[in-house]
Amino acid sequence: MTKRVVDTVVLGGTVVGEGSTTQAAVAIDGGRIAAVGAPDVMPEARETIDATGLHILPGVIDVHVHFREPGLTHKEDWETGSRAAAAGGVTTVFEMPNTDPPVDTVEHFELKRSLAQTKSLVDFGIYGLLGEHNLSSLEPLAAAGVCGYKLFLGNTTGDLPCPNDGAVLEGFETIAALGLRCSIHAENSPILFWRQNRMLAAGRHDPLAHLAARTDVVAIEALCRSAVLAEWTGARIHIVHESCAGSLPYIRFFKERGVDMTVETLPQYLYLSAEMTTGPDGQMLRMNPPVRQASHQEPLWRALIDGTVDMVSTDHAPHAVEEKQGERIWDVACGMVGVETSLSLMLTAVANERLDLPALVRIMSAAPARAFGLYGTKGVIQTGADADLVFVDVARQNTLSADHLHSRGKSFPYAGMEVTGVPVRTLVRGRTVALDGNAVGDPGWGRIVRPHMPPAAPRNVATTTRAILQPDAVPW
């Protein structure tokens, strides 16, 4: 009998899952995990990787990045963004639709997919836009292969208009029947623009004016409105970049009511504060929603640990250096880079005993995989899963620097910060795409991922917009 030979065996490492940390070897064949167990039961391999002294985690899944291509490649493109992801231990990214053109039609989706398939080092999903003008495209976008939808209730790069509430309800009715999740930028646009315009007229241009325009109720109201419409329709929603401690009781309330809602926060909201915006280069911290007062940090950490907030993403949003400068805060581009450093920042929280490694795996790999229908293939180290692995040295220290970033965006708020815990090798479907902080993978290795969500569970289908347009429809 011919003895089985696999592509790779990883020896000497400590395998980390959501509920366990185990000394184990990992066999990889054909891009998938073939076995996890004792070294002496591993099959022979064409390649052996020595992971002695390292922890092996499922690759990070970042469901919120902006790689800016097509149309905004002076800020980033699929190759530079995915190189940054690979170097940071991120093996799958979900890219947002506010490019030029936006992903509002199947044609625009195919344009972005072709660029990503040519350039990306890591696996990827592509969001479709939920806009007032493209409700008829939601179903074709699902058939084409979007990973979900993005709804901008607050303004963002690209200045995509916020749909009115009637269009949002109709959009939710459609996606509830499709079963895909909709990620929501939950800020109340009328309030924030009203307040911003009032401050402009009064001559307020300081960094804290941006936060004042988007005071806590701007986030709280939009979150609650989104959750009410999701509960009514049965739509699955994901609240992106949650920044506000005041939102947390409402998140718990709607989850307890059974709303299929997941929530992310960002390292920016856990480590940075509005108080920093008054210092040198404080305008660099401008983003939407804003970095809030330091008093929000501890409640967000607690909510992340207890599961109220499901996961950490980055909202990686690079800009040219000159776009992050300006005499007036209103002239400074919103957003900052983060996909390359998020894992090190969260490993530092492990070093500081704020959370443990299994919790880190939950919030950076398993929870995003579950939320978006990838769990079992992604987000876990088990037989049959994709061999998306990141090897980390939990004791290694590093000083973060903009000069070392792979991203085209170099405005970096963490420059000079000391971190403990560094990704030293990243595998995407068994192939090494980053080693010792350097991206080494080939552009085009990344593949598109498609969610496998639970069956759709739409509600109140007799009163949907589509239903009431039928002749003689009965309104109940």
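A few notes on this one:
- Filter result for Arg370 (within 20 Å of Tyr127 (Cα to Cα), basic (Lys, Arg) and either without any contact (Cβ under 8 Å) to a residue 24 or more places away in the chain or out of contact with any Cys (no Cβ under 7 Å at 6 or more places or on another chain) (or both)): yes
- Segment 302-319 residues that are not assigned by TED's automatic domain parsing to the domain that holds Val361, paired with ones that are crowded, with 24+ Cβ neighbours inside 10 Å (beta carbon under 9 Å, 6 or more apart): none
- Residues of segment 1-32 that are surrounded by fewer than 18 Cβ atoms within 10 Å (Cβ to Cβ) and in a loop (DSSP other than H, G, I, E, B): Met1, Thr2, Lys3, Arg4, Gly12, Glu18, Gly19, Ser20, Gly30, Gly31.
- The set of residues in segment 406-418 being under 25 Å from Arg354 (Cβ atoms) and buried (at least 20 other Cβ atoms within 10 Å of the Cβ) consists of Phe412, Pro413, Tyr414.
- Answer from Ala395, Ala434 - the residue that is outside any loop (DSSP other than H, G, I, E, B), more than 22 Å from Asp7 (Cβ to Cβ) and not aromatic (Phe, Trp, Tyr): Ala395
- Restricting segment 192-224 to residues that are within 17 Å of Asn288 (Cβ to Cβ) and of a type in the set (Lys, Arg), the residue that is surrounded by the fewest Cβ atoms within 10 Å (Cβ to Cβ): Arg195
- When each of Ser243, Ser226 is tested for being in contact with a Lys or Arg (Cβ under 8 Å, 6 or more places away or on another chain), within 19 Å of His64 (Cβ to Cβ), touching a residue at least 24 places away in the same chain (Cβ under 8 Å) and in the same structural domain as Leu153 (by TED's automatic domain parsing), the lone residue that passes is Ser243.
- Segment 33-42, residues that are of a type outside the set (A, V, I, L, M) and outside any strand (DSSP E or B): Pro39, Asp40
- Filtered by the rule that a residue be part of a strand (DSSP E or B) and under 17 Å from Val93 (Cα atoms), segment 43-79 gives Leu57, Pro58, Val60, Ile61, Asp62, Val63, His64, Val65.
- Scope segment 81-108; condition surrounded by fewer than 24 Cβ atoms within 10 Å (Cβ to Cβ) and either part of a helix (DSSP H, G or I) or without any contact (Cβ under 8 Å) to a residue 40 or more places away in the chain (or both); matching residues: Pro101, Asp104, Thr105, Val106, Glu107, His108
- Conditions (1) surrounded by fewer than 19 Cβ atoms within 10 Å (Cβ to Cβ); (2) within 22 Å of Val361 (Cα to Cα); (3) touching a residue at least 12 places away in the same chain (Cβ under 8 Å); (4) not small (Gly, Ala, Ser); number of the one not met by His74: (2)
The values are calculated or read from the model by the stated rules, or taken from the named source; none is laboratory data. Just so you know, these numbers come straight off a predicted model, no measurement behind them. With ideal geometry, Cβ positions are generated from the backbone for all residues, glycine too; neighbour counts draw on all protein chains shown.
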